[in-house]
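Working notes, structure below.
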Protein chains: 2
Amino acid sequence: MFKFASQTLVRPTLLLDSAKAQGNMARIHEKVKKSGAQLRPHLKTPQSATIAEWFREKGIGAATVSSVQMASYFADHGWDDLLVAFPVNIHEIKAINELASRIRLNLFVISLETASFLEQHLAHSVHVWLEIDNGYARTGIPYQDTEAIASLLRFFESSTKLRFAGFYCHAGDTYRTSPKRTQEIAKETIKALKELKNKALPKFPSLKLMYGDTPSASILEDFEGIDQISAGNFLFYDSMQFDHGNCRAADIAVAMACPIVAVYPERLEAVIHGGAVHFSKDSSTDASGITHYGHLVGLQANSWSEPWPSAYLKSVSQEHGTLKLTAEQLSTLKVGDWIGVLPAHSCLTADLMRSYLTTDGQRIAMMPK
Amino acid sequence: MFKFASQTLVRPTLLLDSAKAQGNMARIHEKVKKSGAQLRPHLKTPQSATIAEWFREKGIGAATVSSVQMASYFADHGWDDLLVAFPVNIHEIKAINELASRIRLNLFVISLETASFLEQHLAHSVHVWLEIDNGYARTGIPYQDTEAIASLLRFFESSTKLRFAGFYCHAGDTYRTSPKRTQEIAKETIKALKELKNKALPKFPSLKLMYGDTPSASILEDFEGIDQISAGNFLFYDSMQFDHGNCRAADIAVAMACPIVAVYPERLEAVIHGGAVHFSKDSSTDASGITHYGHLVGLQANSWSEPWPSAYLKSVSQEHGTLKLTAEQLSTLKVGDWIGVLPAHSCLTADLMRSYLTTDGQRIAMMPK
């Protein structure tokens, strides 16, 4: 029988060190405030009203979510200023109207087709952000495409339902690069955003700039000219952020506790219950060039160790996870022991696990799915 | 508004063509029967009692699952002979005892430590399978390790709780290889399993051999000498099995319906609502060497087209999926249209989606998670 924070563990369990998460939150929040900006945390990482409360206790009242369903959940828990950071899916108009009737709803609009649809079908006005693509090439309008931007701004100018709030950019190309490159990307992107703002200010005097990704939030010293910072992963961090130098190992606030079900000294491997249905299948490449699904830590009574050197979650199938270990590490392990894994991507792991066990023994539920 | 099988689609939806799935089931079942073996379908793929019923209607009464929780769910739905195809996690002894009290429970035991633990803590006897590793190197005892196998067999001989049922092997190295290599692997592995059986028969006259993986179930013409075939993915198949020649595109029985939220003709791309929280992050490499997350199909009133040539789901982040398309395909698409994606790995996609919409308009729930 193994207890963590006085709770008996039976199956793979997502552990949360609340003090570490609150430390990450406080550090980023202080930096954003010092920079004269507002933190609009992305709640797709914790997906929990209980955890989101920590932000409200710091006076943070506006947040970001990744879906309309998530917006409804947080609206039900008292959040009255939410941004759905995903281009509008017009088929969700009913849920969008319901939300717009009760909160300050912020949406992404990146095409005239969607803008026209909303203008026709919205029963309430909403705040819209124009997502700008800095070259990451996922969604948004490339900042160089001044014509497409201008035609959307003209639409917003004459719209009665779509109140233009400002420009948003998620520089997603920062997630798997170096802190140095993250700084370069931010410099270029923020310059482009400011140019867009200056050009549009005469028509939209209250427009804002929003920028958001965990590497930038972690690495930049200030966010000069940006009004709102939206990022989520920094709350928990993970092996990917650690591997790329965006956090310390000691900042990673979540670990998966997994039971060992087989030990293979001759392969320098052990197998855990913990696979793709627990971790998802995002991987990270560490400083030595090894691609893995998580660094390993030892579990203590209500905390975990620093990452074990040269040890990692090497592969995952549906329920199995295969650990690579040194002979010395393996010699201390047997079937039935528990091990901690700092997931490669904490957002996807949390999304699969749906609840947390905190280092002080609380069980915290996530939104129903 | 878009309707599939008379149901209005709003958000990413997992479609299931019941006729295709039942066709896959019937084909494999016939082949297994003709070979004198028994099909023990792996229910980790559908995770649904409603769908599992299709197997029972064919007279199939024994099944495989991937976790103790899944075994409890199917036991609650009348399955009374289940194999948990995962090495025993000793911390689940309470749930194991509960299951063993009411069904014919089959477990994997691959270490003396676990065998001793079970002998001491089981309140009811169970059937145990010794998992053999054919070189795939996930779990199981390598078939060459005759000493480890012999010592476990000696333990079972004198055990009162662990009834040795036979040898099991999952040749997981078949999933990303060619049908030719799958046949070679099966030939070698089945030969090794038969040798183990012949050696152990004098002491265990009723012992069986179980072999299971979807590529082998699909490719082999007969399973000579194997008593039970356990596989699950063949029910739905997916882009990975199609890319490796284990099924036809027309056999793939699930497709994700996703709304298009952005179109980028200059990038030859479009973006859908459909990301890692819907598909997971398993990828496949097609015949032309492109690694992708799924082939694309056109959605019709209650069916879908053959895969579009040269089109695929190129990348997924948490909620976004980026499609690669030809200029011609793109010219037919606009924001708000729906597209079908044949997922790279249907088991992981189903695990995330938790329900199906069938081509005849039924909503089928999966087990609660």
**Complete:** One quarter of the C-alpha convex hull surface, i.e. the mean projected area of the protein assembly as shown in nm², amounts to 30.0 nm²
**Asked** Counting Lys and Arg as +1 and Asp and Glu as -1, each charge on the Cβ, what is the dipole of segment A:12-81 about the Cα centre in debye, to the nearest 20?
**Response** 400 debye
**Amide proton proximity set for B:GLY321, modelled H, under 5 Å, gap of 5+** = B:ILE272, B:GLY274
**Request:** Calculate, axis by axis, the spread of Cα positions in segment B:188-251 along the three principal axes, and write the results as whole Å, longest axis first.
**Result:** 46, 19, 16
**Request:** Taking H placed 1.01 Å from N in the peptide plane, check which residues at least 5 places from A:ALA171 or on another chain put their amide H under 5 Å from its amide H.
**Result:** A:GLY212
**Asked** So what is the 222 nm mean residue ellipticity for chain B from helices alone, if each DSSP H run of at least 4 adds -39500 (n - 2.57) and you divide by all residues, rounding to the nearest 500 deg cm²/dmol?
**Response** -9000 deg cm²/dmol
**Fill in**
Residues other than A:HIS295 with Cβ under 10 Å of its Cβ, Lys/Arg counted +1 and Asp/Glu -1, net out at -4
**Request:** Enter the angle in degrees (range 0 to 90, nearest 10) between the Cα long axis of helix A:146-158 and the first principal axis of the Cα atoms of chain A, meaning the one along which they spread out most.
**Result:** 70 degrees
**Request:** Binning at 10 Å from 0, report for segment A:1-91 what percent of all alpha-carbon pair distances ends up in each bin.
**Result:** 14, 39, 29, 15, 3, 0
**Prompt:** Which percent of the Cα-Cα distances in segment B:32-80 go past 14 Å?
**Reply:** 46 percent
**Prompt:** Taking the Cα atoms only, what angle lies between the long axis of helix A:112-121 and the longest principal axis of chain A, rounded to 10 degrees?
**Reply:** 80 degrees
**Asked** Hey, rough spin-label estimate for B:THR332 and A:ASN198, points 7 angstrom out along Cα→Cβ, what's it come to in nanometres?
**Response** 4.7 nm
**Asked** What's the local net charge at B:ALA253, with K and R +1, D and E -1, over the other residues with C-beta under 10 Å away?
**Response** -2
**Fill in**
Between A:LYS33 and B:SER355, Cβ-based FRET efficiency (R0 51 Å, step 0.05) works out to 0.75
**Request:** Springs between alpha-carbon atoms under 10 Å, Gaussian network over chain B: tell me which of B:HIS77, B:HIS278, B:HIS127 tops the mean-square fluctuations.
**Result:** B:HIS77
**Request:** Would you mind getting me the FRET efficiency between B:ALA250 and A:SER288? Use the beta-carbon distance for r and R0 = 41 Å, nearest 0.05.
**Result:** 0.35
**Message:** At a 10 angstrom cut-off on C-beta neighbours, averaged per residue, how do the peptides B:85-93, A:333-341, A:3-11 rank from highest to lowest?
**Reply:** B:85-93, A:333-341, A:3-11
**Complete:** The relative contact order of segment A:233-369, taking Cα pairs under 8 Å that sit 6 or more residues apart, comes to a percentage of 30 percent
**Request:** Kindly give the semi-axes, whole Å and largest first, of the ellipsoid equivalent to segment A:234-295, taking each as the square root of 5 times a Cα gyration tensor eigenvalue.
**Result:** 23, 15, 11
**Prompt:** Relative to a virtual label point 7 Å from the Cα of B:LEU112 in the Cα→beta-carbon direction, which members of segment B:137-168 show backbone nitrogen distances below 19 Å?
**Reply:** B:140-164
**Request:** May I have the convex hull volume per residue, in Å³, for the Cα set of segment B:125-231?
**Result:** 92 Å³
**Request:** Treating the angle as unsigned and between 0 and 90°, give the value, to the nearest 10°, between the Cα long axis of helix B:18-34 and the longest Cα principal axis of chain B.
**Result:** 30 degrees
**Item:** Chain lengthening between B:SER6 and B:GLU57 when straightened (0.36 nm per residue, less Cα-Cα)
**Value:** 15.6 nm
**Asked** Closest approach to the B-A rotation axis by any Cβ of B: residue and distance in angstrom?
**Response** B:LYS281, 2
**Asked** Quick one: label points 7 angstrom along Cα→Cβ at B:ARG248, distances to the other copies in nm, smallest first?
**Response** 6.2
**Message:** Inside 10 Å of the C-beta atoms of A:86-95, what's the mean count of C-beta atoms belonging to other chains?
**Reply:** 6
**Complete:** The ³J(HN,Hα) series, computed from each phi in segment A:160-167 with the Karplus coefficients 6.51, -1.76 and 1.60 at θ = phi - 60°, rounded to the nearest Hz and given as x for glycine or proline, is 9, 9, 9, 8, 5, 9, x, 9
**Asked** Counting only residues 5 or more places away or on other chains, whose amide H sits under 5 Å from the amide H of B:GLY245 once H atoms are built in the peptide plane?
**Response** none
**Item:** Volume per residue that the Cα convex hull of chain B spans, once the total is divided by residue count, Å³
**Value:** 129 Å³
**Message:** Would you calculate the convex hull of the Cα atoms in segment A:227-369 and tell me its volume per residue in Å³?
**Reply:** 127 Å³
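Just so you know, all these numbers are worked out from the coordinates, no wet-lab data involved. Model, not experiment: these values are computed from the prediction. Reconstructed Cβ throughout: ideal geometry from the backbone, glycine too, with neighbour counts over all protein chains shown.
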